[in-house]
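Peer 1: Handing you this structure, nothing more for now.
Values in this text are rule-based calculations from the coordinates and carry no lab data. Note that the structure is predicted; figures quoted are calculated from it, not measured. For neighbour counting, all protein chains shown are included, and Cβ atoms are generated from backbone atoms with ideal geometry for every residue, glycine included.
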Amino acid sequence: MNSEILGVLVTLVLMIVLSYPLGKYISKVLKGEKVWTDFLYPVENFIYKISGIDPDKEMDWKENMKALLKLNVFFFIWAFVIFLIQDKIPFWNPAGIGPMEPTLAFNTAVSFISNTNIQHYSGETGLSYFSQLLVVCYMQFVSAATGIAALALIFKGLSQRKAKDLGNFYSLWLKSNTRILLPLAIVIAVILLLNGTPATFKGPQTIKTLQGDTVTVALGPAAPVVAIKQIGTNGGGFFGPNSAHPFENPNYITNIVECWGILAIPMALVFAFGFYLNKKRLGIMIFAVMAIVYLSFTALAIKFEVDGNPLIKKMGIEQTTGSMEGKEVRFGPAASAFWASSTTVTSNGSSNSNHDSQTPLAGGIDIMNMMINSIFGGVGVGFINFFMFLIIAVFIAGLMVGRTPEFLGKKIEAKEVKIAALIILLHPFLILVSTAISAYIASHNPNIGWLTNPSYHGFSEMLYEFTSASANNGSEFTGLNANVPFWNIMDGVIMLIGRFLPIIGPVAIAGSLAEKKYIPESEGTLRLDGYAFGIVLLAVIIVISALSFFPALAVGPIAEHFSIL
Amino acid sequence: MKRKRNIKLFEPALVKQAITQSFVKLNPSYMIKNPVMFTVEIGTAIMVAVTIIGANNPANGGTGFVYNLTITILLFLTILFANFAEAIAEERGKAQAESLRKTREETPAKKLKDDGSIEIVSSSSLRKGDKYIAEAGDLIPADGEIIEGLASIDESAITGESAPVIREAGTDKSGVVGGTKVLSDKITVEVSADPGETFLDKMIALVEGANRQKTPNEIALSILLAGFTLVFLLVVVTLEPFGKYAGTTISVAFLISLFVCLIPTTIGGLLSAIGIAGMDRALRANVIAKSGKAVETAGDIDVVLLDKTGTITIGNRKATNFFPVNGYSKEEFIRGTVLSSLADHTPEGKSIIELAEKILPSIFPVNVENAEFINFSAETRMSGVNLQDGTEIRKGAWDSIRKWTSNGDHVAEEINSRVLEIAGSGGTPLAVGINKKAIGVVQLEDIIKPGIQERFKRLHKMGVKTVMVTGDNPVTAKFIAMQAGVDDFIAEAKPVDKMNYIIREQKEGKLVAMMGDGTNDAPALAQADVGVAMNSGTQAAKEAANMVDLDNDPTKLLEVIEIGKQLLITRGNVTTFSIVNDVAKYFAIVPALFMVTIPGLNALNIMKLANPESAILSAVIFNALIILALIPIALRGVKYRPIGATGILIRNLWIYGMGGLIIPFIGIKAIDMIVSLFLK
């Protein structure tokens, strides 16, 4: 057991230590300063040229958002059409996979452009290699880059002294792909390859086991897909069981690397904020606030899993290995709970165990992580969500000290508060209303067949699904039979709204702040990089999230927990 | 003697008025202005329906008639308490305004007609631009500006200050205020505003709440509160199907109770009371603000421009030392100086005589028979006397006297060094010469007001930069600035310098406040983010400013800044308190809702409340009472302490954050212990 905890600690240290220099590097890339990847310039230039884009054109927030939406509409059409006609493409489909059902194709296309990667299909049987590479793998790059570029627009907006220009989305997006995601993905893919993850265009192989029966083993170009799904907070696995599958995540070493990959960029972006705006202390303070939430929730989740299932304990059976239900023996409960918490604080959604089988409160922590959705969070968008809480915290703290609230020298006024309040409101709206609808339907149609578990856990499954969709996470409580039109469409719509409004709103705030007059700090200004404001920030995040979701959690995981004690 | 302006917090007469108003304000078309409390009103209306319908249908939601009725009444009380908070703030403001309005009762006015004849009319018939005459013993009938004459006026009705003041046409102190009394002389005044439109009238309207417009920060906060209300609406509406799924039917009474407890009724109910009380505090400090926004802006001020004279130093310079030179004896020098000052009625001239009387009384009386006094002229920049025997005595700044005298270089050097010494220590040197020979230097000094250093320290801690504006030369200015502890100074200031300084600071994004009275201050007053004009100032200055100080107290700016800060702090902390309260309410209500169907959730009932009905009732009662309990804080305002922003934040986090977390746990438990006695 101790060595398991040690494994978790090693991974944590790796994450935090590496995120600092990575943050510095990302800040330089986004600022357009000199970096070692400058040799890619000709490649990028070639792409600008053939797509007729002027990468230096200054754009205001509206133009940038138009660019973002245009690009994403194109991605959606591309993904949707390929899924529908994947059987017609004459190559890269050795297993002869058929076309996707339309509502599933809609759900999956939205899922991948929105960086959610909810998968109501299983990779082995649902996608051709063409779809795997040119949709699944490709989208996991470009959707992650969309998030980073959107955040870069906000950084730029916050650094402006009185101008409309937020930078150029196209160029930020391309650079995020070529200079941030690609190099990291290559490193991880190579490590995975060396440890046995396949990368081949060969179709499924049939082998004879020692017992004499034949087994079909799915193969394919898995290594690149797995690499980007980890590093881009995507989570869309190559195989159905995701990183619990021995080909996606062969051993403890790959598990550490993949788990590091989940938080590498989200953590680095917090430091990048500090470097970009030359507010290193503020960056560190925000990192600390996030780390407090992340570490305490993760520690709790690990404790619940390591303690084991109370029902088994009641039977008098010793659980020295902790709760092993739904877990891989090569990872054990600590690394599994650690992964589950990591993949839900970020909007990654990959998994190395079955989240549905966790003890109730560990599962509840997963849901809570996604409800907060701004502790490190998805690449780019996590910090963008956090930015909304920052605005509210600055506003409240400003009033508490008797000064019109200001953030980095810009006044926070009615307009900013309005947008931030609406965006923060959106997440509970999407989750609570959709869960209420599904709970209503489920309680009136007991035989609808959605839920494989009755009672509180069934409720948690529905709550998890919509929370995951709204948070663009993508992990699931798999006990829910979600591949039916109701869930495909509901999820799809929620993912779309939950993706784009929380990008547009904050960028609009950044646009508004960029145009405001800069007010230098005085002794009356509240220092944001001190612990006092950190407490306000922490309280705002916890209190708003807890107040919005406490009743829902009480009916789901909390009720389940107390009923099995 | 300051007029007593402290009305008790809950003066019985005002409370009675306020209670009546609380009911009047129930009108939905009025309530809708306050979205948080409006939703409570809707909830109450639903509960009324549920109570009536449920009377015939005991199965309705599981709660009985009496219980539903109790909840309905409690919700109704919640609204009334909020309305009462606003009403009592208004009533106090009105009472405050009333005491000022008393000064504007009908008085006869001696209206000056175009043909020069005088007609006695009522003060209320005077219009802007009319002229009237006021003589010793008259009450000033309307605000205006003296266009002819000079008078001593008793302004104690407005300022509470009993010492008479001089108001004179063509000076920076030419403004007169209705209700004050002319003590001597006769003045002609031009009326500056129609009745009902003077600053005072406008301020009274603001305090009374009728014309109160929400300030920018208040609007932003209202939006945030509306956001919270929407979240909790979602939470409560979706809880019904969640409960159904878990096999629990939650009654309407419970759902509405949960909703009302969760939405920020505490701050929602007190928000406008806090705003009105802020204006009221300004008025109490004898400051008339033209808008609530101006008061709020005052709290954000970064830079304050203060005139040296009257603000930092007491009135005028005084003679403090005589320095004879060139071998003249002290007696000869003092005698000469006194002779030259006898006809000098400036405060400096008088102070020379006073000092001489103290040091060398033996020279008095002096003989000035047939002497010819020379007044100060801009050309020679000297004043003095030509005695009967032909002796010419002159005094003035050293550079003027130097031109007039013809001493040798060694004398000039002696005087030079003396002059530099005096100037370097903050004094003003005044040279004196007899028959074109310099005889010595008089030291004039500024006296810094006692206690002013502490005030500047306080401002410094608030993060406000203080700037002294003076006509003195840079050396003197620097010395006084250092002594008083101001951060910066503008020496040899011309009106345009003030203006430029303000614009420069504003370009850097800072908010600037200044006080002024003269017409040539008007542009700077208008340019400043907060401009406070003295009531005695010219009409132009008062028009340009966004506040008027009735006391004509140049240090009033500091008070105004604190009032502004207090306004925001009170709002911020009551908001924090209100939101954090919800944690305890959840722990009271959520287990109560599911206690029967999900017994496990009783583990969340950490307050060990007796039963579901009692738990919910207790939370509702607490929610209503806390509004009442916080009214004094809303009216008085949370005290501002200059301990730096971080210090204030930590302090208030403890009091209102921690307090807001813990108090409801104790309060709800205590109420439950009583309520459960009745709900067995």
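Peer 1: Kindly provide the Kirkwood hydrodynamic radius of the range A:327-463 in Å, to one decimal, from all pairs of distinct alpha carbon atoms.
Peer 2: 17.4
Peer 1: Let me check against my output: what whole-number percent is the relative contact order of chain A, with C-alpha pairs under 8 Å and at least 6 apart?
Peer 2: Worked out over chain A, it gives 19 percent.
Peer 1: I would also like to ask the following. I'd like the FRET efficiency for B:LEU360 and A:LYS415, computed as 1/(1 + (r/R0)^6) with the beta carbon distance as r and R0 of 60 Å, rounded to 0.05.
Peer 2: Result of the calculation: an efficiency of 0.25.
Peer 1: How large is the direction-averaged shadow of the alpha-carbon convex hull of chain B, in nm²? Can you show the working numbers first?
Peer 2: Numbers: hull surface 153.6 nm².
Mean shadow area of the hull around the Cα atoms is 38.4 nm².
Peer 1: OK, next. What value, in deg cm²/dmol to 500, does the helix sum -39500 (n - 2.57) over DSSP H runs of n ≥ 4 give at 222 nm once divided by the residues of chain B? Please list the in-between numbers first.
Peer 2: Values: 23 runs with 345 residues, N = 680.
For chain B, the value works out to -16500 deg cm²/dmol.
Peer 1: Something else: What is the distance in Å between the Cα centroid of the range B:498-514 and that of the range A:436-498?
Peer 2: With the range B:498-514 and the range A:436-498 each reduced to a Cα centre, they are spaced 58 Å.
Peer 1: Can you give me the distance in nm between label points at B:GLU379 and A:VAL13, each placed 7 Å from the Cα along the Cα-to-Cβ direction?
Peer 2: Rounded to a tenth, the inter-label distance reads 9.2 nm.
Peer 1: Amide H of A:PHE407 versus every other amide H placed in the peptide plane: which residues, excluding those fewer than 5 positions away on the same chain, fall under 5 Å?
Peer 2: A:ILE412
Peer 1: Taking the Cα centre of the range B:262-368 as origin, sum charge times position over the Cβ atoms of Lys and Arg (+1) and Asp and Glu (-1), and report the length of that vector in debye to the nearest 20.
Peer 2: Result for the range B:262-368 is approximately 140 debye, rounded to the nearest 20.
Peer 1: With all distinct Cα pairs included, what does the Kirkwood hydrodynamic radius of the range A:179-318 come out to in Å, to one decimal, could you say?
Peer 2: 18.0
Peer 1: Using θ = phi - 60° and the Karplus curve 6.51 cos²θ - 1.76 cosθ + 1.60, what whole-Hz ³J(HN,Hα) does each residue of the range A:275-291 get, with Gly and Pro shown as x?
Peer 2: Using θ = phi - 60°, the values come out as 5, 4, 9, 6, 10, 4, 4, 5, x, 5, 4, 5, 4, 5, 4, 5, 5 Hz.
Peer 1: Let me ask you something else. So what's chain A giving for Cα Rg divided by 2.2 N^0.38 Å, two decimals?
Peer 2: Computed over Cα atoms of chain A, the ratio equals 0.94.
Peer 1: Can you give the extra length, in nm with one decimal, that the chain gains between B:LYS186 and B:VAL66 once fully stretched, where that is 0.36 nm per residue apart less the Cα-Cα distance?
Peer 2: Full extension from B:LYS186 to B:VAL66 adds 35.7 nm.
Peer 1: I'd like the Karplus ³J(HN,Hα) series for the range B:281-289: coefficients 6.51, -1.76, 1.60, θ = phi - 60°, whole numbers in Hz, and an x wherever there's a Gly or Pro.
Peer 2: In residue order, the calculated couplings are 5, 4, 5, 4, 7, 6, 10, 9, 9 Hz.
Peer 1: For the range B:607-680, state the semi-axes of the equivalent ellipsoid (square roots of 5 times the eigenvalues of the alpha-carbon gyration tensor), sorted largest first and rounded to whole angstrom.
Peer 2: They are 32, 14, 7 Å, listed largest first.
Peer 1: By the scheme Lys and Arg +1, Asp and Glu -1, what is the net charge of all other residues having a beta-carbon under 9 Å from that of B:ALA220?
Peer 2: -1
Peer 1: Which log10 I(q)/I(0) values does the range B:508-562 give at q = 0.23, 0.30, 0.32 Å⁻¹ under the Debye formula, counting every alpha carbon as one identical point scatterer?
Peer 2: -0.75, -1.16, -1.27
Peer 1: Measuring from a point 7 Å past the Cα of B:ALA670 along Cα-to-C-beta, which residues in the range B:549-592 have an amide N at less than 18 Å?
Peer 2: B:578, B:581-582, B:584-585, B:588
Peer 1: Put a dot 7 Å past each Cα toward the Cβ at B:SER124 and B:THR107; how far apart are the dots in nm?
Peer 2: Going by the 7 Å Cα→Cβ label model, 1.7 nm.
Peer 1: Continuing with the same structure: List every residue whose amide H lies under 5 Å from the amide H of B:THR320, counting only residues 5 or more places away in sequence or on a different chain, with H placed 1.01 Å from N in the peptide plane.
Peer 2: B:GLN443, B:LEU444, B:GLU445
Peer 1: To continue, here is another question. So, R0 is 25 Å and r is the distance between the beta-carbons of A:ILE207 and A:ARG330; what FRET efficiency does that work out to, to 0.05?
Peer 2: Details: r = 21 Å, r/R0 = 0.84.
Efficiency computed from Cβ-Cβ geometry: 0.75.
Peer 1: With the dipole of the protein assembly as shown worked out from charges on the C-beta (+1 for Lys and Arg, -1 for Asp and Glu) around the Cα centre, which of A:LEU269, B:LEU601, A:ILE5 lies farthest toward the positive end?
Peer 2: A:ILE5
Peer 1: Only Cα pairs under 8 Å and at least 6 apart count here; give the relative contact order of the range B:133-173 as a rounded whole percent. Working shown, then result.
Peer 2: On the way: 40 pairs, mean separation 14.6, N = 41.
Rounded, it is 36 percent for the range B:133-173.
Peer 1: Helix-only mean residue ellipticity at 222 nm, chain A, DSSP H runs n ≥ 4 weighted -39,500 (n - 2.57), per residue, nearest 500. What is it?
Peer 2: About -20500 deg cm²/dmol.
Peer 1: Rounded if a/c is under 1.5, else prolate if a/b beats b/c, else oblate: with a ≥ b ≥ c from the C-alpha gyration tensor eigenvalues square-rooted, which is the range A:453-565? Mind showing how you got there, number by number?
Peer 2: Values: a/c = 4.67, a/b = 1.69, b/c = 2.76.
Here the range A:453-565 falls in the oblate category.
Peer 1: Right, something else. Quick one: angle between helix B:474-484 and the longest Cα principal axis of chain B, in degrees between 0 and 90, rounded to 10, please.
Peer 2: 40
Peer 1: Report, to the nearest 10°, how far helix B:252-262 tilts away from the longest principal axis of the Cα atoms in chain B, using its own Cα long axis and a range of 0 to 90°.
Peer 2: 20
Peer 1: How compact is the range B:7-153 by the rule of thumb for globular proteins, expressed as Cα Rg over 2.2 N^0.38 Å?
Peer 2: Normalised by 2.2 N^0.38 Å, the Cα Rg of the range B:7-153 equals 1.86.
Peer 1: OK, next. Placing +1 at every Lys and Arg Cβ and -1 at every Asp and Glu Cβ, with all other atoms neutral, what dipole size does the range B:398-511 have around its Cα centre, in debye to the nearest 20? Don't skip to the end; give the middle numbers.
Peer 2: Working: 17 positive and 15 negative charges, 89 e Å.
In total the dipole reaches around 420 debye.
Peer 1: So how strong a dipole does chain A carry about its Cα centre when Lys and Arg Cβ are +1 and Asp and Glu Cβ are -1, to the nearest 20 debye?
Peer 2: Dipole magnitude for chain A comes out near 1680 debye.
Peer 1: Check which residues have an amide H placed less than 5 Å from B:ILE439's amide H, if you skip close sequence neighbours.
Peer 2: B:VAL432, B:GLY433, B:ILE434
Peer 1: Rg (Å, one decimal) plus Dmax (Å, integer) for the alpha carbons of the range B:415-463?
Peer 2: Expressed in Å, the Cα Rg and Dmax of the range B:415-463 come to 17.1, 56.
Peer 1: Using the charge dipole of chain A (Lys, Arg: +1 at Cβ; Asp, Glu: -1 at Cβ; taken about the Cα centre), state which of A:VAL293, A:GLN205, A:VAL43 has its Cα farthest towards the positive end.
Peer 2: A:VAL43
Peer 1: Now for a separate question. Using Cα pairs closer than 8 Å and at least 6 residues apart in sequence, work out the relative contact order for chain B, in percent. Show your work: numbers first, answer last.
Peer 2: Details: 1285 pairs, mean separation 97.5, N = 680.
Worked out over chain B, it gives 14 percent.
Peer 1: What are the principal axis extents of the Cα atoms in the protein assembly as shown, in Å, biggest first?
Peer 2: 144, 82, 58
Peer 1: What ³J(HN,Hα) values, in whole Hz, does the Karplus curve 6.51 cos²θ - 1.76 cosθ + 1.60 give for the range B:527-533 when θ = phi - 60°, with x put for Gly and Pro?
Peer 2: Working through the residues one at a time gives 6, 5, 5, 10, x, 10, 9 Hz.
Peer 1: Same structure again: Which angle from 0 to 90°, rounded to the nearest 10, does the C-alpha axis of helix B:216-245 make with the longest principal axis of chain B?
Peer 2: The angle comes out at about 10 degrees.
Peer 1: I've got another one for you. Write down the Å³ per residue value for the convex hull defined by the alpha carbon atoms of the range A:37-106. If you can, show how the numbers build up before the last one.
Peer 2: On the way: hull volume 11.5 nm³, N = 70.
Considering the Cα atoms of the range A:37-106, their hull volume per residue is 164 Å³.
Peer 1: If you don't mind, there's one more thing I want to ask. Here is the link list: A:LYS31/A:LYS229; A:LYS516/B:LYS507; B:LYS173/B:LYS465; A:LYS70/A:LYS175; A:LYS410/B:LYS556. Which ones come out longer than 22 Å on Cα distance?
Peer 2: Check vs 22 Å cut-off fails for A:LYS31/A:LYS229; B:LYS173/B:LYS465; A:LYS410/B:LYS556.
Peer 1: What is the Rg over Rh value, at two decimals, for the range A:105-199, using alpha-carbon atoms and the Kirkwood definition of Rh?
Peer 2: 1.09
Peer 1: Taking N as the number of residues in the range A:246-361, what is its alpha-carbon radius of gyration divided by 2.2 N^0.38 Å?
Peer 2: Against the empirical 2.2 N^0.38 Å value, I get 1.24 for the range A:246-361.
Peer 1: Between the range B:528-567 and the range A:205-242, how many Å separate their Cα centres?
Peer 2: What the calculation gives is 76 Å, centre to centre.
Peer 1: Could you tell me which residue out of B:VAL574, B:GLY531, B:ALA592 lies farthest along the dipole of the range B:457-594 toward its positive end? Charges go on the beta carbon: Lys and Arg +1, Asp and Glu -1, centred on the Cα centre.
Peer 2: B:ALA592
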